[in-house]
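For reference, the structure discussed in these notes is given below.
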Amino acid sequence: MINEIRDAIIQYLKSVMKENDVVLALRSSSTPGILTPCILRNKADLDQIEAGFFHLNNLAVYLSEFFQKENRLSTLQGYLYVLCKPCDTKAVTQMISDQQINPNKLKLVVYACEGMADMKKVKNEIGLDKDIKAIDLHLTELSLTLLDGSPLSIPVSKVISSKCLECNKEYHLTMSHVFVGDEKKWKSHPYSIATAENKVLLQDQKKGKDLFDQLKAELSACIRCNACRNVCHACFCSDRCIFDKPKMTVGFLDKEISPIDNILFHMIRFYHVAPNCTACGECERICPQGIPLSHLYEYFHRLMQESLDFSAGSSDSMRQAMLSYRLGEDLV
Amino acid sequence: MKTYQISKSQLKQLLEPYLTAETQLIAPSLNPLGLISFNKIQNINEIALNTSIPLKPSKSYLFPESSSLVQFDEKNPHLLESDISQKKQMLFGLRPCDLAAIAYMDSFFSSNISDHDYVQRRNNTLILGVACEYPSNACFCTSMGIQPGTSIHADIFLVPSGEDFLVEELSEKGQEYLASISKGWKEASNETLATQKNEITEKTSSKLIEKIDLSKIRGRLSETYNKDFWNKYSEACIVCGACTFDCPTCSCFDMNDSMISSSKGCRYRSWDSCSFADFTLHASSHNPRSSKLHRLRQRILHKFQYTVEKMDQWSCTGCGRCIRVCPVGINTRSILKDAKEALGE
């Protein structure tokens, strides 16, 4: 199934790619379970493309940098094709509405995603004393070879990302795009590999927890490396970020690590990106300390929906949730 | 120097003296986020040795993420030295790669100019290594000339042997410590120790995904400076800096002043990363490493070229943390292999 989609993507790109066109996609890497983003400029390289269960990266984060560079060098003569899971398109839509990228030169290749892996769950399944040598997906089974050569298979339902279990399969795109796979069929089915049992568990976990206390405990592990900021598609201040120049903001927020500064850092960051955050979860995946940042970002993402009727990336209407006011709105 | 053979229950005797209020024992254990990391241990049973190395190295206990260096006060014209925790500590459960990393950090922080802060913490630290039986898929220590079963860079080195541990004294500090607690311990022969070390080295090495022969490119990596393969990796890099923060030998830091109250303040240092754009930003706004290609190449060449030129040693120990943590699959081993290929070796 996954291979079919991958082949269809390659076939499609081969049929449309012209000279001067550029493809932003993923290829395999030497690390099991991780794909590497790549920029392909030749038709012959398209065969390297990988997609599917191990497509964890949200490629939108590369776009603003890519366009800045290409605009400066005026090297992009053709189109830029970007490989996207349906959920990644929210980030692209939001970046367009924030006028960070120019949609005229952009074409999205969206495909029928069947969910993605959570490598932390895979690690938990195999045990802390073992590690993966090779990993492959066969229908609904993940077949692994461990370092000592022994084989292991894990049902996909156990290692699918929590985010995918809650996916409502909605995405909004007015810009130029193509859907690879049968969109109707994809929309009408819940993830075939996600089980109802998993869904219930997930909702229970989130109920009745005091978020602030939980955050305080979780964020105490933060080492303020800024990785979550650097991977965020909503953080597009690039070299003008307030956290980068502590000398200019003495007394505002130091680089020094303390429990209160850690919370302050994440709170400032969150309020700054709240209108642009699409809860893609890249910050959690990237955190070298393993802090479950999605709790925070999903929570605020939901709050934005409930109180301001705003969901980042759901339309390119240019409405700025935190900068505009609508009559009757009681929460500012 | 003696070698002892102790049972698992005797391991308590080895570690317990550091479980007091005035001292701290640091060892790998499961943290509240469900990951193995180097934590302060309250109870010996928390220690988790049967796992691959923790993602975050133990360097923060010798070189903290942020620490105050001097304090100043408007009313008092003299700088006050910050109190460095005088707590004696034991770092337990470090594998040969991490021990080699500490040896590198020692030479970095105390060879030409002695770093007061680091040296003071280091002098208060007793280091206990353990032979490595649980590699991860990112490990490549054997490529960097490190043997997973043995090390010389610890005070005391433990080699698992069935249900027991062989305990090797490596330094005077270690010898002194063991003399105070080893009453009634069984001594073991040097042959037993050597055989067991070899066995573990062999077994663990066989589990590693690959061994890259770097002998022919040692000191030659700068010849790859303008090669194309750097592009392939740098275009994928998102400059998150996680590789440098999880690296046991990355020692770059930044210094800033922070006000504690309106008249009191301190100068502190915090970890920095050569991956970041503002790392080399000049006051004139010129940046000699303006693109991520420059910065990724700098990180790799620093580990594999510049320290070879300056200190005659790699500053990579093959622990593989940069590979494990990289969210975009940039693999240091692949870079080395590409460099080898580009040099025609």
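The values are calculated or read from the model by the stated rules, or taken from the named source; none is laboratory data. Note that the structure is predicted; figures quoted are calculated from it, not measured. Cβ atoms come from the backbone with ideal geometry, glycine included; neighbour counts cover every protein chain shown. When the accessible area is computed, the model is the full protein with side chains, heavy atoms only, and any ligands, DNA or RNA have been set aside. Shrake-Rupley method; radii C 1.70, N 1.55, O 1.52, S 1.80 Å.
Just a few scattered comments:
- So A:Gly115, is it on the phi > 0 side of the Ramachandran plot and either open to solvent by 10 Å² or more (accessible area, probe 1.4 Å) or within 14 Å of chain B (Cβ to nearest Cβ) (or both): no
- Within region A:255-282, residues that are at positive phi sit with their Cβ atoms under 9 Å from residues that are charged (D, E, K, R) and not in a loop (DSSP other than H, G, I, E, B), at 6+ positions apart or across chains, in these pairs: A:Ala279/A:Lys90; A:Ala279/A:Lys163; A:Ala279/A:Glu298; A:Ala279/A:Arg302; A:Gly281/A:Lys163; A:Gly281/A:Glu298.
- Hits in region B:124-142 (condition: over 11 Å from B:Leu99 (Cβ atoms) and open to solvent by 10 Å² or more (accessible area, probe 1.4 Å)): B:Asn124, B:Glu133, B:Tyr134, B:Asn137, B:Cys139, B:Thr142
- Residues in region A:121-158 that are away from every other protein chain (no Cβ under 13 Å) and in a loop (DSSP other than H, G, I, E, B): A:Leu139, A:Thr140.
- For region B:11-54, the set of residues classified as open to solvent by less than 50 Å² (accessible area, probe 1.4 Å) and among the small types (Gly, Ala, Ser) consists of B:Ala27, B:Ser29, B:Gly34, B:Ser37, B:Ala48, B:Ser52, listed by residue number.
- Only residues that are charged (D, E, K, R) and in a strand (DSSP E or B) were counted in region B:14-68, giving 1.
- Meets criteria (under 25 Å from the mean Cα position of the chain (by Cα) and either within 13 Å of chain A (Cβ to nearest Cβ) or open to solvent by 50 Å² or more (accessible area, probe 1.4 Å) (or both)) for B:Ser258: no
- Taking the criterion of being buried (at least 19 other Cβ atoms within 10 Å of the Cβ) and among the β-branched types (Val, Ile, Thr), the residues of region A:12-33 that qualify are A:Val22, A:Val23, A:Thr31.
- Of all residues in region A:1-27, those satisfying the criterion of being assigned to a strand (DSSP E or B) and under 21 Å from A:Leu56 (Cβ atoms) are A:Val23, A:Leu24, A:Ala25, A:Leu26, A:Arg27.
- Residue in region B:90-112 that is open to solvent by 10 Å² or more (accessible area, probe 1.4 Å) and farther than 26 Å from B:Gly318 by Cα present: no
- Close pairs (6 angstrom Cβ cut-off, 6 or more residues apart or separate chains): under 18 Å from B:Met105 (Cα atoms) in region B:141-161, among the hydrophobic types (A, V, I, L, M, F, W, C) and part of a helix (DSSP H, G or I) anywhere: B:Cys141/B:Cys97; B:Ile146/B:Cys97; B:Ile146/B:Ala100; B:Ser151/B:Leu99; B:His153/B:Leu99; B:His153/B:Ala100; B:His153/B:Ala103; B:Ala154/B:Leu99
- Residue satisfying all of: in region A:34-67; of a type in the set (Phe, Trp, Tyr) and within 11 Å of chain B (Cβ to nearest Cβ); surrounded by the most Cβ atoms within 10 Å (Cβ to Cβ) among these: A:Phe54
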